[in-house]
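Taken together, the values in this text are just the output of simple stated rules run on the coordinates, not laboratory data. Everything numeric in this text was worked out from a predicted model, so none of it was measured. Here Cβ is always computed from backbone atoms with ideal geometry, including for glycine, and neighbour counts include all displayed protein chains.
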Amino acid sequence: MVTKEAAEKGEETAKQALEGIRKVFSNELIEFELEYPCHSAEEQRWFVLSATRFTDDSSKVVVKHTNITELKLASQQLEKALERYDTLSKATSDTIWDWDMGTDSIQYNEGIVNTFGYKFPQVHNTTNWWKKNIHPDDKLRIYEQLDIAFSGCQTVLNMEYRYQCANGSYKYVLDRAVIVYGEGGKPRRMLGAMQDVTYQKEEDMRIDRAVIHAQEEERKQIGMELHDNVNQLLSASLMYLSVVKDSQANDIIIQSKQHINEAISEIRRVSHQLAPASFNNTSMKDVFESLLNSVRTAREIDVELHLTGLENNGLKNEIQVNLYRILQEQMNNIIKYANAKKVDVHLIKYDDKITLQIIDDGVGFDPATVKKGIGLENMNRRAKLFSGRVNINTAPGKGCHVLVELPLQQTRS
């Protein structure tokens, strides 16, 4: 009756409802639905009118009004969110992505095309496609980050990795993401933005190379100065002392010659460390053993070197020099701070990477309370030049385990 009166007053929604119910009565439709607003001064409300005829008695129709206000308000909020999402996508060059974990699908904005060169038909909205394009050397680290974030119910996550472009090259990306959790702390949605930071990363690597080159040149110059000049002066002094005939000064001469010989030996050792012999003519094992022998002799530390998979070597000279420097930095740290009695050094070459492990039984430290020094910064810088990483596992009273991993199959960005 109310619907009929409203229709007679010219209300369009009422006319549509009345016409739909009529068609159900006349068997033109089996059922009819119509969404309509029913607002009051205090609140907004929406309903769905449904009319269904009995299959056994076409003269009877069931008319039902269902309150869908909550669903409608949620839908409006979603539409506003999607509108903001679209606006953001147009305002940034970042690749915006939305991972629905319930359906295991990822949606991208146009950044996936503009930044990485894909055409939309090439983009697969699956998690496997995203994972497939992560650089092989970065995958395990990213998976670990995701697992830690999910298990700890983190809501914000920053990831850095290399992502493959349509032409097969890789770009460095900074991926900032927000994680939404459902019941039981289970992640159900993740939204993020991939920012292309290739230029910044390449600039950082150029700076790192320049710093390391400057350090190596400085070491070389100091080593040459010690070896060619200071050493020569000491050798000349030793020669002059050898021709002195005064028997009264004999004891002093003998002691002076002993000190000078010790100084010459120490200068040779230091100059060798500053400018190690070329790996082109000397085996990696011999150069590493030379460094560790100096530690054994000077500090009475039991140091063992273990090499695996390096029978034929085959490593680039640049990689060998940087591994040598990393080992040198950590041995200096052990001598200064660790108070260690035993050090094990493992150098292992696989098909696709090389690892250097330096394990001591010293006093250890709390990584959270110790600031990164120049030595550790140099170790990280040298590893990053080869897209590698340095991981330190230590605790007070537990010694220290340094793990360096360098990939051997480099993929250029």
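One equal scatterer on each Cα of the stretch 279-413, no solvent, Debye formula: the resulting log10 I(q)/I(0) at q = 0.17, 0.21 Å⁻¹ is -0.92, -1.36. Considering only Cα-Cα distances, which of the following residue pairs are longer than 25 Å: 285/398; 139/336; 132/353; 349/384; 257/285? Beyond 25 Å between Cα atoms: 285/398; 139/336; 257/285.
The calculated Kirkwood hydrodynamic radius for the stretch 92-196 is 14.0 Å, given to one decimal from all distinct C-alpha pairs. Excluding residue 105 itself, what net charge comes from residues whose Cβ is under 12 Å from its Cβ, given Lys and Arg +1 and Asp and Glu -1? So the environment of residue 105 carries a net charge of -2. The fewest-to-most ranking of 324, 143 by surrounding Cβ atoms within 10 Å reads 143, 324.
Amide H contacts of residue 68: 46, 47, 48, each under 5 Å away and 5 or more positions distant or on a separate chain (H built 1.01 Å from N in the peptide plane; Pro and chain starts excluded). Applying the Karplus relation 6.51 cos²θ - 1.76 cosθ + 1.60 with θ = phi - 60° to the stretch 14-29 yields 3J(HN,Hα) values of 5, 4, 5, 4, 5, 5, x, 5, 4, 5, 5, 4, 8, 6, 6, 10 Hz, where x marks Gly and Pro. Amide H contacts of residue 343 (H built 1.01 Å from N, in plane; Pro and chain starts excluded): 302, 303, 304 sit under 5 Å, all sequence-distant by 5 or more or on other chains. When both bridge partners sit in the stretch 279-413, DSSP labels roughly 75% of those beta bridges antiparallel. Each of 369, 394, 297, 282 was scored by other Cβ atoms within 10 Å of its Cβ. Arranged with the fewest first, they read 369, 297, 282, 394.
The amide H of residue 188, built 1.01 Å from its N in the peptide plane, has 180, 181, 182 as neighbours under 5 Å, considering only residues 5 or more places off or on other chains.
What the phi angles of the stretch 131-138 give under the Karplus curve with 6.51, -1.76 and 1.60, with θ = phi - 60°, is a coupling list of 5, 4, 8, 6, 4, x, 6, 9 Hz, glycine and proline written as x.
Counting beta carbons within 10 Å around each of 354, 359, 30 and listing the fewest first gives the order 30, 359, 354.
The stretch between residue 393 and residue 64, if pulled fully straight at 0.36 nm per residue, gains 111.7 nm over its current Cα-Cα span. 3J(HN,Hα) along the stretch 31-42, derived from phi through the Karplus expression 6.51 cos²θ - 1.76 cosθ + 1.60 where θ = phi - 60°, amounts to 8, 8, 10, 8, 8, 8, x, 8, 7, 10, 5, 8 Hz, with x in place of Gly and Pro.
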